[in-house]
1. With respect to the numbered conditions (1) in contact (Cβ under 8 Å) with a residue 60 or more places away in the chain; (2) touching a Gly at 6+ places or on another chain (Cβ under 6 Å); (3) of a type in the set (Gly, Ala, Ser), which one is the sole condition not fulfilled by Ala164?
2. Kindly indicate whether Ala371 is outside any helix (DSSP H, G or I), within 16 Å of the ligand (Cβ to nearest atom) and at negative phi.
3. Look through His380, His344 and report the one residue that is in contact (Cβ under 8 Å) with a residue 60 or more places away in the chain, out of contact with any strand residue (DSSP E or B) (no Cβ under 8 Å at 6 or more places or on another chain), open to solvent by less than 20 Å² (accessible area, probe 1.4 Å) and within 14 Å of the ligand (Cβ to nearest atom).
4. From the list Ala283, Ala248, exactly one residue is at pLDDT 95 or above, surrounded by fewer than 20 Cβ atoms within 10 Å (Cβ to Cβ) and either assigned to a loop (DSSP other than H, G, I, E, B) or away from the ligand (no atom under 16 Å from the Cβ) (or both). Which is it?
5. Kindly indicate whether Glu328 is open to solvent by 20 Å² or more (accessible area, probe 1.4 Å) and at pLDDT below 95.
6. All but one of (1) out of contact with any helix residue (DSSP H, G or I) (no Cβ under 9 Å at 6 or more places or on another chain); (2) farther than 26 Å from Met192 by Cα; (3) surrounded by fewer than 23 Cβ atoms within 10 Å (Cβ to Cβ) hold for Ala322; which doesn't?
7. Tell me, which helices (runs of 4 or more DSSP H) lie completely within the range 71-164 with 3 or more residues that are surrounded by fewer than 17 Cβ atoms within 10 Å (Cβ to Cβ) and not acidic (Asp, Glu)?
8. Taking the range 234-245, which residues are within 18 Å of Gly420 (Cβ to Cβ) and either polar (S, T, N, Q) or away from the ligand (no atom under 16 Å from the Cβ) (or both)?
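The values are calculated or read from the model by the stated rules, or taken from the named source; none is laboratory data. None of the values given here were measured: they were computed from a predicted structure. We place every Cβ from the backbone using ideal geometry, glycine too, and count neighbours over all the protein chains shown. Surface accessibility is based on the protein's heavy atoms, side chains included, excluding ligands, DNA and RNA. Shrake-Rupley method; radii C 1.70, N 1.55, O 1.52, S 1.80 Å.
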Amino acid sequence: MLTLLVALFLAVPGGVSSQSASAPSKTLSGRNRSVTVDLLPPELRARGREILQEKDDETRAELANNLAEDEPEKARTFLLTLLDQDRSAKVRLEIIDEIGLHSNPATRRSLEKHAGSDPDVAVALLALERLRQQVTEEARQLLNRRGEMARRAGDVEGSRLIAAEQERWISIVRGTMLPSFLRVPPAPWSLMPSDRSIRVLAFGDYGDGSESQKSTADAMLKFHRTKPFDFAVTLGDNFYEEGMMSPADPRWKSWWEDLYGPLAIKFYGVLGNHDWKLSDSPAAEVLYSGKSQSWNLPSPYYTFSAGPVQFFALDTNEVSAAQLLWLEDELKRSPARWKVAYGHHPIFSAGKHGDTPALVRRLLPVLRGRADVYFCGHDHDMQHLRSDGGIEFFVCGAGGAETRPLHKDPRSLFARDTHGFAVIEADNESLKVTFFGTDLAELYSYTMRK
Ligand SMILES: [Fe+2]
C-alpha cells in the first residue's frame, strides 16, 4: 500500500494530474498516460523526480525549462507528456518556450495541439509561434539546399539572388518585420578626412536603465569634457530585454537621449541579440536614426570611414551570405590605413558566452588578412584576446548591464569584469585601444603600429 501511495505521489505532484477534468490532459491529449520518470533515461530520472515532486508552479516551471534546455532530445517524451498534463500554464509556457526551439515531429504535433486548444491563450499563442518558427525554418532549409546547388554549379548570379533571398528569410524565420529598404546598407561614406587623427568611444550591452548604465554614461561624459570624442561606436544589446517597441518608445528619451545626448556626438550602432527580440525592434532602431541627433543605425550592417580608419558595422545575430559577400567586397576595395570591424557577438571570448562557432567558421575567414581589429560586446566584460591571423580581438560589453566573471584562456591578454568603456585613438602610424573604468582609471592599453 505504501509503495502504491509513493508511486501515486511521484506520478501526480502539486500541479500535475492525469485525472482532473480541468487538466489539459483531458482536453488536449484525450488519453491518460501518466507522466513518470520512466519516460526519462536513467541518468535524468533524479531531475525528473525533482520536477514531479515540486509543488510550487514557478519552481516546477523553472526546473522543466532547465531540463528542456539541457536535454532537449533525451527529455523530449517526458516533457511533452508533462506538457499535456501539467495544470499550471506557467509550466506549460516554459516547456514550450524551450522544447519548441527544436524541430521534431512529436514536438510539432504537440505544438499544433496546444496552439489549437490549450485552455490558456498565452500558452496557445506561444505554441503557435514556435510552430511558425519550425515550419518556416524547414522552408528555409529548402532555400539553403538550392543555394548550395547553385554554388556547386558555379552559378554566380543565381548564388547572389539566393543570398539576397536568404537574408529576407532570416526575418521570416525570426518573425521580424524588417523590410528590405531598411536592410540595404547605404553607400560607404566619410565622416572626417583621412589625414586627421581620431578619438572614438566604444561600448556595448548598456540599455537597461540601471544605475550602472547611468554611472558608465556619466564617466564617458566626464572623459569627453577633457578629451573629446569625435564620435562613438556601440556594440549592441542597445535595449534590454527585448529591444524597442517603436521609434516612439518612451525609453528612447530615458535610456538613450538623457544619458548619451549630452555628449553631443554621433553614435554608430549595431544590433545585439536583445535588439532582435521584439518583431518590430530592428526596424524601430533603424527608423529612430531619422529622429535623433545622436543615434545612427542606417541598416543592420554598413561601413564608413573616419580619419585613417574604416569601420565595418556588422549584424552578427545571423550572418547572411549576402552580408559576407558585401563585407568581402568592401574590405577588398577599402583604401583605409586601419580596418576595424565591429558587431555584437564575440568571435573569441573568455567570458560567459565564449567563442561563437558560426562566426569562427564564417566571419573570421572573411576578416582574416583584411581587418586589423574586431570589436564586440555580448559578454559583459572587457577583454583583449589574440588568436592566429593577425587580428586583435576586443570585447567591451561593459556599458551598464550586470558584469559577469571570466575564465582563464591562453589567448587572453587582458580580462576584467567591471563596468566601463573603450577608447580607440588612431592616426596614420598607430591605433591605440584603452579601457577605462567608471572612475576613469586606465585599466589597460594596447597600441598597434604600422
Ligand atoms: Fe548580447
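1. Exception for Ala164: condition (2).
2. Criteria not met by Ala371.
3. His380
4. Within the list Ala283, Ala248, the selection yields Ala248.
5. Judged against the criteria, Glu328 is not a match.
6. (1)
7. 105-117, 121-152
8. Thr234, Asn238
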